[in-house]
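Just so you know, all these numbers are worked out from the coordinates, no wet-lab data involved. Not measured: the values here are computed from a predicted model. Heads up, the Cβs are rebuilt from the backbone with ideal geometry, glycines too, and the neighbour counts pull from every protein chain shown.
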Amino acid sequence: MSPEPSGTQELGPLARAAGDVLVSISGGEATPIGGVSLDSRRVTEGDIFFCVPGLLRDRHDFAPAAVEAV
């Protein structure tokens with residue numbers, strides 16, 4: 001049986017794993033990340049928002065809305 005996830009990741013390891021895909025980052029290595037979202041309408045405080053091109057819209061267009069949501 002594997003251990004239960006802690007529910008919170010730190011920004012540093014996630015940023016390193018993103019590699020070349022990472023465009024912008026706000027916060028230090030130890031900034032806690034409580035969730036991940038691809039939908040700017042569902043972003044809550046502590047989430048990381050991934051802007052990826054979709055089939056109909058480029059989610060980069062929604063980055064300002066994701067920032068405003070928190």
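Couple of notes before you dig in:
- From the coordinates shown, semi-axes √(5λ) of the Cα gyration tensor in Å corresponds to which of (i) 22, 14, 13; (ii) 21, 12, 9; (iii) 35, 16, 10: (i)
- Only one residue of GLY34, LEU55, ALA18 has its Cα farthest out toward the positive end of the dipole of the chain, where Lys and Arg carry +1 and Asp and Glu -1 on Cβ, and that residue is LEU55.
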